Structures are given as C-alpha cells and as structure tokens.
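Comments concern the structure below.
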Amino acid sequence: MNPEFYVCDVEAAKIIGSSPQTLRNWRQIGGRGPAYTKKGRMVRYRIQDLLDFMVEGRIDPGAQRQG
C-alpha cells in the first residue's frame, strides 16, 4: 500500500478502524479526524495522512511511567 495513494472514506475507515459515518461526522464538525482532500463532492484520504492521524493519537504507557 503506497502511502501517497488516496482512498475513499470506506477504505479510509478500514485503515483506521473506524466507520465511514464517523469520518463523515468528523468532516461535518470540522477540526477532528484525519486530513482529507475534497474536489467537488468527491472526498479522498491520503494513506499517509491516515497513518499520521493514528500516530498522533498514540499513547505509550511505558513512557508516562518514566517521568
């Protein structure tokens, strides 16, 4: 899977373990969810943006205990 490829919201939801409706809700709310590209009514997500979104939410419990 090339990280520079774009996928529809159904495929994007599979990648991040969400539902397409959650992605749609996040787009409507604004300021939440992964970055996306919109051209007319077509919405696409870049795979690298989806991966970055998941990394941003990563919590490392081991790192928290060291502080």
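We did not get these values from a lab; they are worked out from the coordinates using the rules stated. These numbers were taken from a predicted model, which means no experiment stands behind them. Every residue, glycine among them, receives a Cβ derived from its backbone with ideal geometry; neighbour counts consider all protein chains shown.
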- Query: Among the residues of region 1-10, is there at least one that is of a type in the set (D, E, K, R), surrounded by 16 or more Cβ atoms within 10 Å (Cβ to Cβ) and not in a loop (DSSP other than H, G, I, E, B)?
  - Reply: yes
- LYS14 fails exactly one of the following numbered conditions: (1) in contact with a strand residue (DSSP E or B) (Cβ under 9 Å, 6 or more places away or on another chain); (2) more than 22 Å from ARG58 (Cα to Cα); (3) of a type in the set (D, E, K, R). What is the number of that condition? (2)
- Item | Leading residue by the ranking (nearest to TYR6 (Cα to Cα)) among those in region 19-52 that are hydrophobic (A, V, I, L, M, F, W, C) and in contact with a strand residue (DSSP E or B) (Cβ under 9 Å, 6 or more places away or on another chain) | ILE47
